[in-house]
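The values are calculated or read from the model by the stated rules, or taken from the named source; none is laboratory data. Nothing here was measured: the structure is a model prediction, and the numbers come from that model. Cβ coordinates were reconstructed from backbone atoms using ideal geometry, including for glycine residues, and neighbour counts include every protein chain displayed.
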Amino acid sequence: MKWYETKGRDSDVFVSSRIRLARNLNDYPFGDRLDETSRKEIIGKVRGVFDGDPGYVFTDFSGLPDNERAAAAEEHAVSPEFARSSKTRGVVNSTDGVVSVMILEEDHVRIQSILPGLSLEEAYERADSVDSALDAKLNIAYDDRLGYLTHCPTNLGTGMRASVMMFLPGTVAAGGIRSLSNQLGKIGLTVRGMSGEGSAADGCLFQISNQVTLGVTEKETISKLADVTGKIAEQERSFRKKLFDADRDGVSDRVMRAYGTLLYAVKIDTKELLSLYSDVRLGVCLGVIDCVNVEKLDEILIKSMPAMLMRAHGGKMTPAERDRARAEGIRKILSGKDGK
C-alpha cells in the first residue's frame, strides 16, 4: 500500500516522514556537464544493482506521458524537478511503494524513502539499506574530509535531507507560522509548503527539514528533527484546544459543513479541496467527527490532485471534468465504494 493509505504514528499532526540521500558516481561529471552517453551509462549501472530483485521495478521515466510524471510527483514518489525534466532519466521503485531511487535528478542518484506519520528512523533504515547496496557495487563519490560529494555544495557531508510533513491548522490560526519559520531557521531547519521549495502552504500542510548536512551525522540530524518537531506537535495540539474551547459551535459547524461538501458536492476544485481537507482533518483530530479517519482524508487529498485524477481516468481532462471526477472520487472513498 502507498504511504498515504496507511496509518502512521502521531498522525494527528505528522502526515509523513521522508529521507532523501544524494549520491554521485566517481568518474562522471556532475549535473549539466553529463552527455547523453554518460547519462545512459549511469542509468545502466544503477539499474543493474537491482536486476533480479523482485522487490524493485525500473521505469524509464523520460518515456512516460506528462500526466504520469506529474502524478508521480503529486504522490511524492519523485521530486517535482525530476518530474518536469525532459532529459534522459530513470527511477527504481520498491514494490511496496516506500522507496524510490531517482537516477539523474540533480545528482546522479537520489534515494528516497517515505512512510506515514512520524517514522524518521524507519524511513532512514529503508533508505540506508538501498544506499549500502549501491555502495557495494558502485564507485560512489566520497571524500574523507567533505563526506559525500554532491552537485550542490549545501548537500555535502551526509548528503541527507530528512523531512516531516506536518498538519498545523492550530498554528496557522494562531498566526504562528512566520515566528516558527524564523525560529527554525536559527537552528538549521527550514519550513516549506506541501510540495517542497517554493510551494504554497496549502491545506495547513508544511514540510520541516534539515538544512545542515556537513559536520553532522545522519543520526544526529534525525534526532534533532524528531525532537524539534515533537515540540512543535505539542504546541500545535495546545493551539487546537484553545481554538476549539474558544468557539466549539463555530469550529464544529465549519467541520460538518466541510464534510457535507466533500460527501455531496457535484464538483470540487483543487483549492476548495485543500480547504475542506484541512477543516475535516482538524475535526477528526478534535473528535468532532468520527465517520472518517485521517488516513482516508490523506488518501483523498493525494488521489484528488490534478495529474493523479488524469492518470486514474486514462489521460487528459479539462478542469471542469477534473472537478466533477474529483467530487465523484471523494464520494466513493468516503462511502467505501472505491473497492476498499
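So for the range 265-278 (the condition being touching a residue at least 40 places away in the same chain (Cβ under 8 Å) and of a type in the set (Asp, Glu)), does at least one residue qualify?
yes
Against the definition (within 15 Å of Ser163 (Cα to Cα), modelled with pLDDT of 95 or more, small (Gly, Ala, Ser) and within 20 Å of the chain's Cα centre (by Cα)), how does Gly193 come out, yes or no?
In short, no.
What pairs come out if I take residues in the range 47-61 that are under 10 Å from Val92 (Cα atoms) and in contact (Cβ under 8 Å) with a residue 12 or more places away in the chain and pair them with residues that are among the aromatic types (Phe, Trp, Tyr) and not in a strand (DSSP E or B) whose C-beta lies under 7 Å away, six or more apart or interchain?
Sorted first by the residue in the range 47-61, then by its partner, the pairs are Tyr56/Phe50; Phe58/Phe50.
So which of Val284, Val292 ends up being assigned to a loop (DSSP other than H, G, I, E, B) and surrounded by 13 or more Cβ atoms within 10 Å (Cβ to Cβ)?
Val292
Go over the candidates Val164, Val212, Val216, Val228 one by one and state the one that is over 19 Å from Gly283 (Cα atoms), more than 20 Å from the chain's Cα centre (by Cα) and assigned by TED's automatic domain parsing to the domain that holds Pro116.
One residue alone meets the criteria, Val216.
Before we move on, is Glu41 surrounded by 15 or more Cβ atoms within 10 Å (Cβ to Cβ), touching a residue at least 40 places away in the same chain (Cβ under 8 Å), among the acidic types (Asp, Glu) and in contact with a Phe, Trp or Tyr (Cβ under 9 Å, 6 or more places away or on another chain)?
no
So, in the range 196-210, how many residues would count as being under 18 Å from Leu21 (Cα atoms) and at pLDDT below 65?
2
Could you figure out which of (1) more than 16 Å from Leu25 (Cα to Cα); (2) surrounded by 18 or more Cβ atoms within 10 Å (Cβ to Cβ) isn't true of Val130?
(1)
Kindly list, by first and then second residue, each pair from a residue in the range 140-153 that is in the same structural domain as Asp27 (by TED's automatic domain parsing) to a residue that is in a strand (DSSP E or B) and surrounded by fewer than 17 Cβ atoms within 10 Å (Cβ to Cβ), limited to pairs with Cβ atoms under 7 Å and residues at least 6 apart or on different chains.
Hits for this filter: Tyr148/Tyr142; Leu149/Tyr142; Leu149/Asp143.
Just give me the residues in the range 311-321 being assigned to a helix (DSSP H, G or I) and in contact (Cβ under 8 Å) with a residue 24 or more places away in the chain, in sequence order. Working first, answer last.
First pass over the range 311-321, keeping only residues assigned to a helix (DSSP H, G or I): 311-312, 319-321.
Matches in the range 311-321: Arg311, Pro319, Ala320.
Would you pick out the residues in the range 12-37 that are farther than 30 Å from Phe206 by Cβ, surrounded by 16 or more Cβ atoms within 10 Å (Cβ to Cβ) and among the basic types (Lys, Arg)?
none
Test each condition in (1) under 28 Å from Met166 (Cβ atoms); (2) buried (at least 21 other Cβ atoms within 10 Å of the Cβ); (3) of a type outside the set (Val, Ile, Thr) for Lys7 and report the one that comes out false.
Among (1) under 28 Å from Met166 (Cβ atoms); (2) buried (at least 21 other Cβ atoms within 10 Å of the Cβ); (3) of a type outside the set (Val, Ile, Thr), the lone unmet condition for Lys7 is (2).
Counting only residues that are in contact (Cβ under 8 Å) with a residue 40 or more places away in the chain and surrounded by 18 or more Cβ atoms within 10 Å (Cβ to Cβ), which one in the range 175-194 is farthest from Val78 (Cα to Cα)?
Looking only at the range 175-194, we keep the residues that are in contact (Cβ under 8 Å) with a residue 40 or more places away in the chain, and these are 176, 180, 184, 187.
If we keep only those that are surrounded by 18 or more Cβ atoms within 10 Å (Cβ to Cβ) as well, we get 180, 184.
Numbers: Leu180: 27, Leu184: 26 Å.
Step by step, filter the range 175-194, then rank; the result is Leu180.
Does the range 111-130 hold any residues that are in contact with a Leu (Cβ under 7 Å, 6 or more places away or on another chain) and within 14 Å of Asn155 (Cβ to Cβ), and which are they?
Our first condition is that a residue be in contact with a Leu (Cβ under 7 Å, 6 or more places away or on another chain); within the range 111-130, this holds for 111, 120, 122-123, 127.
Ile111 - this is the single residue of the range 111-130 that is in contact with a Leu (Cβ under 7 Å, 6 or more places away or on another chain) and within 14 Å of Asn155 (Cβ to Cβ).
I'd like the full set of residues that are more than 25 Å from Val15 (Cα to Cα) and in contact with a helix residue (DSSP H, G or I) (Cβ under 6 Å, 6 or more places away or on another chain), limited to the range 139-169.
If the condition is that a residue be more than 25 Å from Val15 (Cα to Cα) and in contact with a helix residue (DSSP H, G or I) (Cβ under 6 Å, 6 or more places away or on another chain), then His151 is the only one that fits.
For the range 103-131, enumerate the residues that are within 16 Å of Leu225 (Cα to Cα), in a helix (DSSP H, G or I) and hydrophobic (A, V, I, L, M, F, W, C).
Hits for the range 103-131 are Leu120, Ala123.
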